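Before any comments, here is the structure.
The values are calculated or read from the model by the stated rules, or taken from the named source; none is laboratory data. Everything quoted here is computed from the prediction, not taken from an experiment. With ideal geometry, Cβ positions are generated from the backbone for all residues, glycine too; neighbour counts draw on all protein chains shown. Each accessible area value is taken on the protein alone, full model and side chains, heavy atoms only, with ligands, DNA and RNA left out. Shrake-Rupley method; radii C 1.70, N 1.55, O 1.52, S 1.80 Å.
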Amino acid sequence: MRLLVIEDEVRLLRNLAKALREEGYAVDTAADGEEGLYKAQNSDYDAIVLDVMLPGLDGWQVLARLRKTRKTPVLFLTARDTTADRIRGLDGGGDDYLVKPFDLSELFARLRALIRRAADRPSPEIALGEVKIDTRARTVSVGGQPVPLTAKEYMILEYLAHHRGKVITRTELYEHVFDERADTMSNLLDVHVYNLRKKLACDLIVTRRGLGYCIEE
Amino acid sequence: MRRKSIRLRLLAWFGFFLAALVAGFGVVAFQFQKRADFGDVDAALALRVDAVSRAFRGSEPHPPPPPDFHEDRHHGPPPDFGPRFHNRTPVQLPDEVLRQFEPGDYFAVWGLRENRLLAQSGPEADAIPRPTDSPTETRLRYRTRGSIREAYLYTERGDCILAGRDLAPLQARLRLFAGQLVVAGVLVLLLGLGGGGMASRLLFASIRRIGATARRIADGNLAERIPAADMDRELGELADVLNSTFARLDAAFARQQQFTADAAHELRTPLAVILSETQTALRRDRAPEEYRDSIRACEEAAQQMRRLSDSLLELARLDAAGEQGQRIDADLAQIAADCTAQLRPLAAQRNVQIETDLRPAPLACHPDQIARVFANLISNALEYSHPEGRIRVTTGTPDGKTTATVADTGIGISPADLPHVFDRFYRTSPARSHSAAHAGLGLAICKAIVETHGGRISAASTPGAGTIMTLCWPAAGGTA
């Protein structure tokens, strides 16, 4: 899962990126509206955390322009808390609204909910035969036995599971699992998928040659 | 509290005056009618007396009636009346005369020499008392007995001729007339009150509308205005005055609201940093450096909050109290010199030169507050100066006004931002973007301090070339 955080308070931006990465997300950052809009338009994010009071383009302008081309879920994170502001944020195309100061755990929960809804999978638990994924605790079990996964392995599994039934190209998968800081080769994906298959000990993930990966319904 | 209704009072006064007017009119009309009717009666009685008198004179041999008087003499008095002049018997009046008498009319003729009644008509004739005033003049006189009006005349021949009429029918007619007047008056009064009531309802409906709107505004809907366009001129003017007051209130309220919202926003951002830093740090065990980083970020945020709360408190004090404590006579030159000296090391670090031209500029003030102004202005100038830039601080009394300026050769302020630089929380974005150290209150505090001291602060700037801030006190403000 790859996120974009647009926030002009650099300390908060740094900290949010760190906390979200520790949660297992791939995180890109932008410190002003222009940069944020550019990144949001040019990458396929699973969700965007957007501040309203930004130098240059403000959050509302960023969202208005973004909505012309993309329907990426957007969570407003702002100190503006009047009802009018919330309504403006939501009616302007925002998907959720969180007022500063906030609790990290709530931000995480809202982001998880946003990503689930965007993938049209309302339940936080995904059961794929023997394999069960709990997106809240980010744990995976096979036949009741917990399986320890690395962050990247978990991300790949969760992304494929959210989009099960669809073939996910390697490029798409790479984009959603690695952030802008990553300079790894994309064949690292194959290594992660190989390890994942080994740990799950089943042929849940199917390789469509020349197309990508898929978890069948 | 129950208050008297001005509308009811107006209506009461209106009704009172209308009633007085109608009553006065009715009384006058009645009097006119009564006078006219009584005049008619008197005139008729005079005619009767005259007719009776002529009839009696006709019974005398002298003077003979004029030849053209009554062609047909068959109604004339009998010729054999003459010889009985000194021994007259009661005479019968000719029908022609009698026909003039209406029912209720009567006459009586007394011979004064004979001292008896010579002629009479009407059933009450016996009961008619003879006039008793002195028969010296042959003038028609009138008297009123009860409901009876009588006219009488002493003739030259020594007779007393009286004609009378019972006024009862006339008085009944007048009473009827008075009744009609009262009914008409009451109708006019009711119509008038109804019309007045409607007019006042219209008037007070407008006033009530103004009141209702004002109440809604007082209840918090500050954006609402009284619809003055469809009001009459007088009330429209009132509505305009109220509307402009509401507009100013609204603007002041909006400014206050904006200030509070901005203050909350400025406090929330460092709070968000602290919360998110601490919560992140506590999620797992970390290396000491990571903890140090987190604690440092929290400290920065806390310092930012402290600066902000200090500034807010200072502004609040300046707003509320204006000033406290005794002003002392001070010299801006001395204060500016101290501030410049303190900031020179910082300026040197940034490779900015500070020039001064400090002439005596006396001012009764709180020196530490004024020092705060200089410090803020010079720090600002430093912050927006390029390396190798210059800052020039002057004080003096040109034109007798205590004046100080702080000029820099920095990036300047755009014309769009210039009118707002003294606004609270105003940040010229994006060029002078958000550094955590500044919440946008420094210049607002300068303005509040200078204005508390009775002076003015103004800014002039050329983008790219520099800014000059000017403090100026009117001549009276100084103690020179």
Problem set entry | Verdict on residue A:56 being within 14 Å of chain B (Cβ to nearest Cβ), open to solvent by 10 Å² or more (accessible area, probe 1.4 Å), at pLDDT below 95 and on the phi > 0 side of the Ramachandran plot | yes
For this session: Would you tally the residues in the stretch A:138-160 being open to solvent by 20 Å² or more (accessible area, probe 1.4 Å) and more than 15 Å from residue A:199 (Cα to Cα)?
Result: 1
For this session: Might you check whether a residue that is free of Cβ contacts under 8 Å to residues at least 24 places away in the same chain and buried (at least 16 other Cβ atoms within 10 Å of the Cβ) occurs anywhere in the stretch B:341-355?
Result: no
Exercise. Condition test on residue A:14, is it open to solvent by 40 Å² or more (accessible area, probe 1.4 Å), within 14 Å of another protein chain (Cβ to nearest Cβ) and out of contact with any Phe, Trp or Tyr (no Cβ under 9 Å at 6 or more places or on another chain)?
Worked result: yes
Problem set entry | Flag for residue A:19 being in contact with a His (Cβ under 8 Å, 6 or more places away or on another chain) and not acidic (Asp, Glu) | no
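Table: residues versus (1) open to solvent by 60 Å² or more (accessible area, probe 1.4 Å); (2) touching a strand residue (DSSP E or B) at 6+ places or on another chain (Cβ under 9 Å); (3) touching a residue at least 12 places away in the same chain (Cβ under 8 Å).
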position: A:34; (1), (2), (3): yes, no, yes
position: A:67; (1), (2), (3): yes, yes, yes
position: A:88; (1), (2), (3): yes, no, yes
position: A:104; (1), (2), (3): no, no, yes
position: A:117; (1), (2), (3): yes, no, yes
position: A:136; (1), (2), (3): yes, yes, yes
Problem set entry | Single residue of B:242, B:174, B:153 found to be in contact with a helix residue (DSSP H, G or I) (Cβ under 9 Å, 6 or more places away or on another chain) and outside the structural domain of residue B:111 (by TED's automatic domain parsing) | B:242
For this session: Kindly indicate the residue of the stretch B:439-458 that is of a type outside the set (S, T, N, Q) and surrounded by fewer than 19 Cβ atoms within 10 Å (Cβ to Cβ) and also modelled with the highest pLDDT among those meeting that condition.
Result: B:456
Exercise. If you go through the stretch B:380-396, how many residues are more than 55 Å from the chain's Cα centre (by Cα) and among the hydroxyl-bearing types (Ser, Thr, Tyr)?
Worked result: 2
Exercise. In the stretch A:69-86, what residues are among the hydroxyl-bearing types (Ser, Thr, Tyr) and surrounded by fewer than 17 Cβ atoms within 10 Å (Cβ to Cβ)?
Worked result: A:69, A:82, A:83
For this session: Looking only at the stretch B:283-291, decide whether some residue is basic (Lys, Arg), part of a helix (DSSP H, G or I) and not assigned by TED's automatic domain parsing to the domain that holds residue B:204.
Result: no
Exercise. Do you know which residues across the stretch B:131-155 are among the hydroxyl-bearing types (Ser, Thr, Tyr) and in contact (Cβ under 8 Å) with a residue 40 or more places away in the chain?
Worked result: B:142, B:152, B:154, B:155
Exercise. If you check every pair at least six apart or on different chains, which have Cβ atoms under 6 Å apart with a residue in the stretch B:6-17 that is under 16 Å from residue B:189 (Cα atoms) and assigned to a helix (DSSP H, G or I) first and a residue that is open to solvent by less than 90 Å² (accessible area, probe 1.4 Å) and among the hydroxyl-bearing types (Ser, Thr, Tyr) second?
Worked result: B:10/B:200
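To keep it simple, each residue is scored yes or no on (1) modelled with pLDDT of 85 or more; (2) open to solvent by 30 Å² or more (accessible area, probe 1.4 Å); (3) part of a helix (DSSP H, G or I); (4) touching a Lys or Arg at 6+ places or on another chain (Cβ under 7 Å).
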{"position": "B:187", "(1), (2), (3), (4)": "yes, yes, yes, no"}
{"position": "B:193", "(1), (2), (3), (4)": "yes, yes, yes, no"}
{"position": "B:198", "(1), (2), (3), (4)": "yes, yes, yes, no"}
{"position": "B:207", "(1), (2), (3), (4)": "no, yes, yes, no"}
{"position": "B:212", "(1), (2), (3), (4)": "yes, yes, yes, no"}
{"position": "B:216", "(1), (2), (3), (4)": "yes, yes, yes, no"}
{"position": "B:225", "(1), (2), (3), (4)": "no, yes, no, no"}
{"position": "B:229", "(1), (2), (3), (4)": "no, yes, no, no"}
{"position": "B:236", "(1), (2), (3), (4)": "no, no, yes, no"}
Problem set entry | Selection from the stretch B:385-406 of residues that are in contact with a Gly (Cβ under 9 Å, 6 or more places away or on another chain), more than 20 Å from residue B:360 (Cβ to Cβ) and not polar (S, T, N, Q) | B:386, B:389, B:390, B:391
For this session: Determine, yes or no, whether residue B:262 is among the acidic types (Asp, Glu), open to solvent by 90 Å² or more (accessible area, probe 1.4 Å) and either within 14 Å of chain A (Cβ to nearest Cβ) or farther than 30 Å from residue B:394 by Cβ (or both).
Result: no
For this session: For the stretch A:38-53, name all the residues that are surrounded by 21 or more Cβ atoms within 10 Å (Cβ to Cβ) and without any contact (Cβ under 8 Å) to a residue 40 or more places away in the chain.
Result: A:40, A:52
Exercise. Filter the stretch A:23-39 for residues that are closer than 11 Å to residue A:2 by Cα and of a type in the set (A, V, I, L, M); which is nearest to the other protein chains (Cβ to nearest Cβ)?
Worked result: A:27
